[in-house]
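Participant: Quick one: the structure is below, and I'll ask about it shortly.
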Amino acid sequence: MSATPFSALADFGEEEEIDEIINNVEQTKISSSPTDGDGFTEVKKKKAGDNRRNQGDDRAKGNQKNKNAKGKNDRNDPDLSTAMAAFDCNQTQLAKFEKTDPLNFGTDVRGFICKKDGPMMGSLFLTHVNDAPYQQLIYGTPKTQFPLRGSDEDEGQRRLVTLPKFDQICFTTKWNGTNILFFKYHGAQGETYISAKTRGTAFLEDGASGNFLSLVKQCLKIESSFLTPMSSDLPQELIYMRTPNVQCMSMELVGRDVPHLVRYNFNLKLEPLFLSYMDGSISPIMNPTDPNFPTLVGGTL
């Protein structure tokens, strides 16, 4: 059936017949031009618009239903409950992830990263390694609390806070770069892996914030597909990771290749900061290349 000019409706005197013509035309593909079929095109557009609105309403209802179902499933997730308890946070302060470890080929890891501001921010709660359930807590790098009291707007009134009592104190260089945390985690069959992350990620990656994965691999000359404590080619910078009760090494990625406020006279380095132990305690790294060198505080090597 070809398109009927809108003026043809004037030839029909009965309302029923007019409705029949409109219904027939609505089911027909209408080619319109400025001078032909404009009336029917408007009818067709209106019907299409109604269909789109109905479909949009259906999609919105479906999305809300999926969100409600997802929220219900999350609240019943025992891993989620355990992670919230470990970090003393609520559900909105956790980010769920499912990633492949870029430093250990084909190793898939699932878990949560803590987004709550405070000492646990950036810490990980792993739930599965290669689809096998294996819960473990990985302590992140805590934010350094500056020993000053007062606001940034009133620097003249800022003063040193009263330090707690201590037996020993260690002064180190404050590097201006990106924090890289190397950490150990385990598989259900007893495997031990070494990987690395920035504060806001579960694993190193290259992206808009920086090519940290590529820079770290370049800096440590990592070429193997797996990184474990017993790897024969374990970089000397990570030698402390062979110590059983050391969980993490916090380091700072610095240099001209990692632009920050300070411009260094070298391209790229990983400067050691401190060790983190299985119980969450930390100690400064006094000798970066000798794991038998006595530590100042923290766990026993």
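The values are calculated or read from the model by the stated rules, or taken from the named source; none is laboratory data. Predicted, not measured: the structure shown is a model, and the values here were computed from it. All Cβ positions, glycine included, derive from the backbone under ideal geometry; neighbour counts span all protein chains shown. The accessibility values were calculated without ligands, DNA or RNA, using every heavy atom of the protein model including side chains. Shrake-Rupley method; radii C 1.70, N 1.55, O 1.52, S 1.80 Å.
Participant: Just the accessible area per residue of region 182-265, please: how many Å² with a 1.4 Å probe?
Facilitator: Values: 4040 Å² over 84 residues.
Per residue, region 182-265 has an accessible area of 48 Å².
Participant: Over all alpha-carbon pairs of region 154-206, lay out the pair-distance distribution in 5 Å bins, whole %, shortest bin first.
Facilitator: Pair shares across the bins are 4, 11, 12, 12, 13, 16, 12, 11, 5, 3, 2, 0.
Participant: If you take the beta carbon distance between S81 and R159 as r and set R0 to 30 Å, what does 1/(1 + (r/R0)^6) give as a FRET efficiency, to the nearest 0.05?
Facilitator: Details: r = 43 Å, r/R0 = 1.44.
Efficiency for this residue pair is about 0.10.
Participant: Right, next: Taking 0.36 nm per residue of sequence separation and subtracting the Cα-Cα distance, how much length would be gained by fully extending the chain between A188 and K174, in nm to one decimal? Walk me through the intermediate numbers first.
Facilitator: Values: separation 14, 0.36 × 14 = 5.04 nm, distance 3.84 nm.
Answer, rounded to one decimal: 1.2 nm.
Participant: In region 208-285, which trypsin sites (Lys or Arg not before Pro) are in a loop and have at most 10 other Cβ atoms within 10 Å, using DSSP for the loop call? Don't skip to the end; give the middle numbers.
Facilitator: Values: sites: K217, K221, R242, R256, R263, K269; in loops: K221, R256, R263.
Sparse-neighbourhood loop trypsin sites (Lys or Arg not before Pro): K221, R263.
Participant: So which of K99/K174; K143/K221; K143/K184; K99/K221; K96/K184; K96/K221 end up more than 26 Å apart by C-alpha?
Facilitator: On the way: K99/K174 32 Å; K143/K221 28 Å; K143/K184 20 Å; K99/K221 23 Å; K96/K184 20 Å; K96/K221 31 Å.
Checking Cα-Cα distances, K99/K174; K143/K221; K96/K221 exceed 26 Å.
Participant: Take the cross-link list K115/K197; K116/K269; K165/K197 and give me the ones stretching past 26 Å between alpha-carbons. Display every interim value, and only then the final one.
Facilitator: Numbers: K115/K197 14 Å; K116/K269 30 Å; K165/K197 33 Å.
Correct reply: K116/K269; K165/K197.
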